[in-house]
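Below is one structure; the comments refer to it alone.
Coordinate-derived values only; no laboratory data. These numbers were taken from a predicted model, which means no experiment stands behind them. Glycine gets a Cβ as well: all are built from the backbone with ideal geometry, and neighbour counts include every protein chain shown.
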Amino acid sequence: MLAVSFSFGIEQAVWVVASIICLLGAVGVVALRNPVHNALSLVATLFGVAVIFIAQGAYFLAAIQVMVYAGAIVVLFLFVIMLLGVDRTEEDIAEQNWWRRPLAGLVGAGLLGGVLIAVLLASNAKTVTGKPSTSGALDPSDDIGTIGRVLFTRYIWAFEITAVLLTVAVIGAVVLARKQTRGPIDLAEFPLDEPEAEEVAL
Amino acid sequence: MNQQPTLILGALIFAIGAVGLLVRRNPLVMFMCVELMLNAVNLTFVSFSRSLNDVGGQVVVFFVLVVAAAEVVVGLAIILSIMRRRPNATADDLTMLKG
Amino acid sequence: MQHALWLIPALPLVGFLLLVVGGRKLGDPRSGILATAMVAGSFLATVAVFVDLLGKPAEERALTQTLFTWLPSGNLKIGMGFLADPLSVTMCLFVTGVGALIHLYAIGYMKGDPKFSKFFLYLNLFVFSMLMLVLGDNLLLTFLGWEGVGACSYFLISFWHTDPANATAGKKAFVTNRIGDWGFMVGTFLTWTTVGSINYLDINAAATAGTIAGATAIAIGVLFFVAATGKSAQLPLFVWLPDAMAGPTPVSALIHAATMVTSGVYLLVRLNPVLLSAGWANDLIAWVGAITALVAATVAISQNDIKKVLAYSTVSQLGYLFLAIGTGNYVAAIFHMVTHAFFKALLFLGSGSVIHGMSHDQDMRHYGNLKKYMPITAGTFIIGWLSIAGVPPFSGFWSKDEILAGAYNFGSAGKVLWFIGLITALLTAFYMTRQVIMTFFGEEKWRNIGTDADLVPVTAHAHADSDGGTDSADAHDDHHVLTPDHTPHESPWTMTVPLIVLGGLALVGGVLNLPFVDKFELLKRWLEPTLAGEQELPHGATLFGLAVVAVVVGLVGIGFAGLVYNRKRIDPALIEREEFAKGWWIDSSYAWFMGGPGRVFFDGVAWFDGHVIDGAVNGAATLVRGAGLRLKRVQNGQVRSYAMGIAAGAVLLVGFFVTRMGF
């Protein structure tokens, strides 16, 4: 019951292209061997999603998506990849439980199927609580303003907490990632499978 | 505008991300699959925000973005501190929480 | 005056506490004097209450005092309250009076004992418990006293506990009492569910109003009678009383003659409105009492230990009391209880005096002609003897005769019960005369120890201490063996004065309730407010005729015993049959049963407890641990497994929502 209008305008074309980029990127993240390639595929997916955001009229979000996700998060990923030098593959090691892959496929199919059924066959979309959300109507000409207004009035509490969350995350990252001044972990308690490699100097 | 295709796209990306999370063993790649799933969710939210004419969906995406950023920061710090000592460890090797 | 009611039990309690703290420092004899003073004080308080009650008209003779609410629990509010009505005041009077005399006696008897102050400590605790039992205004307080006297009885019976036989006797008493206590507790529960209160005033009011009727009344009556069987030593739970003679003689006198064993009688008389509605429970009580009286009297005939004769005699006389209760003759029961307290305490104290003078040898076959050496003891003992044998004008005649007369009038079975009581009276006269003759008259049999092969010196129930230090004839190490050259001596004044006082009471006690003339029936009129109904005694000529028959029977018994033991016309061995000596093998059959089939049952119960009940508990623990061990494997530390779990859960969740959505 795909109700795609057959007037194939520029909008639809853009959408199709963006979707293809998204899907190819997603498959690339999962299937490619080299972690750097995975990261770059992720970037592709993120860009595709940003384009679709624009098509949906969420301009502000599209901008943020590109800046934060593609610009900061993926860069961070790449930093860590380069830092650790894990650009080799792990697929050399065989999968020990043969049933994981089929089961994973099953689970993925199940998820997809469930959502597809919901999307395609639902006659009336109901919210979980039955009540409509009333955060305010969209205004495509001023989406930043709308978001801002709602954010700083109705969701101010959550906003402040996320600020705290970010602070905590930063502090946590600093603490976790600094060099240990104490000695190495007790090998007797946590035996290594491979010989310990030397520290990678920053 | 009909949202069904976007929702289906979102579902697809989510499923692919889920499969990737369960199949891959490199911790960093598993993390990236989590990001995929989050993006799929963001897509769904924006699409519903459009169809229900409610800005609340977009606000949620905003928050998801922030939280995902924070999560990535901490997660990568953890992975960093683990992988420093065992450079080629896969997710299967990290079983210290075994009960 | 009712504000002073609490003094009556409080004084002995104070005595007990003082002796616990400083008894050993006070020593011999000051701790004894303190204890006696406390009980005497209690007696004076009782007299004050008595006088106060006398001054009131008959319907108002009841004083209550509630000190505080002891157990407030929902609907159940039990207060620490005392009820002083004619019945309880009568009990208090002779408990404290006889108790004080016995305390005085014990100062002399226990002199030189290393645990002197402990003895008096227990005695005071006992008097306190007994007073709580009698004065309490509800069943729970009575039960408190009931258990207290049981515990003190245990302490005092096994006072010389270094001899295992004494300790065993104490345990036996306690355990047998406990069996009866089951009856008390279940009776209390039943009363509570029927009446909603365990206060005597409420219970008796409910019984008179007819709330407790039919099967409930019978059940309550039977249950409390079971309790009485244990405490007052009736068939089948009497087996502890003869063994209880292992305790010092003052204990036997106080506890096992005058006071504790009468608690069962008190309980039933207190609940007499319930008993009056209790149908065949009364028949049960009367018959058990009568048969116990008869059986115990037969056993007493063949006993050679001076105290055992008196022990079985007590069981027998208690049987009379229950016969009276069963026939509805409550006044006679209380009357006989009082006179029995006098003469039985007198007899026991007298026997203690004899034992004291004969180096603690208790075998009557070693006595004889003691009237020459111990005149006061002999004289008072004879008064007691005549009293229990039912010879007028001694007190025992009046009370026993009233019981028999009441039984005679009791329905169709009454004549049979009367006859059993009559035979028992005959036997009583017989064995008591036997005892008196063997002890105080005839030849001095201990002179033949060593030369007569039959006479072997018997070490009486051994005690770990020395005997009275005034016995100058004991020049050798072993004080407990009688020698042919032993000279008995009279006891010191602390022991003879109580004997004389009790002798006087036994002599004139009959005036409490003289029949034939209404004006002299003091006890009956005194007790009337507490009794809901009374058995009618036969009047006039019948009563006189019955009395004559009773006296004749008593004299026949005395004469017959004289023939056998004094004039030696008939061989005693014909009469002292083995069944009597062995107590009809009742006790030994209990022991065999408990040791044999009983043991098997007990082992079975223990096995059940250890394997089934413990097994269930341990099994539950094992089950949980096993389950935990197996479930532990889910936590394998693999992140991917956890992720798989989460994903599977998510699929299920999506499925759930899909099923709920509308199509």
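Assorted remarks:
- In this Cβ point-charge picture (+1 for Lys and Arg, -1 for Asp and Glu), the protein assembly as shown has a dipole of about 1060 debye about its Cα centre.
- Placed amide H near C:Thr66: partners under 5 Å, 5+ positions off or other chain: C:Phe82
- C:Thr168/A:Leu103 FRET efficiency (R0 56 Å; Cβ-Cβ; nearest 0.05): 0.15
- Mean residue ellipticity (222 nm) of the protein assembly as shown, computed from DSSP H runs ≥ 4 via -39,500 (n - 2.57), nearest 500: -22000 deg cm²/dmol
- Rounded to the nearest 20, the Cβ-based charge dipole of chain B about its Cα centre (Lys and Arg +1, Asp and Glu -1) stands at 360 debye.
- Proportion of all alpha-carbon pairs of the protein assembly as shown beyond 47 Å (%): 52 percent
- Cut-off of 10 Å, at most 15 other beta carbons, DSSP loop: longest stretch of chain C lacking such GluC sites (Glu not before Pro): C:1-442
- Computed FRET value (nearest 0.05) for A:Ile54 with B:Asn2, which takes r as the C-beta separation and R₀ as 25 Å: 0.90
- Farthest positive-ward along the protein assembly as shown dipole, Cα basis, beta-carbon charges - from C:Trp418, C:Trp146, A:Leu106: A:Leu106
- Once the gyration tensor of the Cα atoms in region C:183-330 is diagonalised, the equivalent ellipsoid follows with semi-axes of 31, 15, 11 Å, ordered largest first.
- Label point 7 Å beyond Cα of A:Arg178 along Cβ direction - residues of region B:41-82 with amide nitrogen under 16 Å: B:77-78, B:81
- In the protein assembly as shown, a dipole from Cβ-located charges (positive for Lys and Arg, negative for Asp and Glu) runs towards its positive end, and of B:Gly57, C:Thr659, C:Leu349 it is B:Gly57 whose Cα lies farthest in that direction.
- Amide hydrogen proximity for C:Ile78: with H placed 1.01 Å from N in the peptide plane, the residues at 5 or more positions away or on another chain lying under 5 Å are C:Trp70, C:Leu71, C:Ser73.
- In plain terms, the residue of C:Thr377, C:Thr69, B:Thr44, C:Thr483 with the fewest other Cβ atoms within 10 Å comes first and the most crowded comes last, giving C:Thr69, C:Thr483, B:Thr44, C:Thr377.
- Bridgeable lysines around C:Lys56 (alpha carbons under 20 Å apart, same-chain partners fewer than 8 residues away excluded): C:Lys519, C:Lys524.
- Taken over chain C, the alpha-carbon convex hull comes to 241 cubic angstrom per residue.
- Selection from C:Val508, A:Gly71, C:Val265, by position along the positive dipole direction of the protein assembly as shown (Cβ): A:Gly71
- Split chain C at each of the trypsin sites (Lys or Arg not before Pro) in a DSSP loop with at most 14 other beta carbon atoms within 10 Å, and the longest piece is C:1-566.
- For region C:349-375, the residues whose amide N sits under 14 Å from a probe point set 7 Å from the Cα of C:Glu443 along the beta carbon direction are C:366-369.
- Under the combined filter of DSSP loop state and at most 13 neighbouring Cβ atoms within 10 Å, region C:332-369 retains none of its chymotrypsin sites (Phe, Trp or Tyr not before Pro).
- Among beta bridges that DSSP assigns inside chain C, antiparallel share in %, nearest 5: 90 percent
- R0 of 22 Å, Cβ-Cβ distance C:Val552-C:Arg577: FRET efficiency to nearest 0.05: 0.30
- Net dipole in debye of chain C [+1 Lys, Arg Cβ; -1 Asp, Glu Cβ; about Cα centre; nearest 20]: 1820 debye
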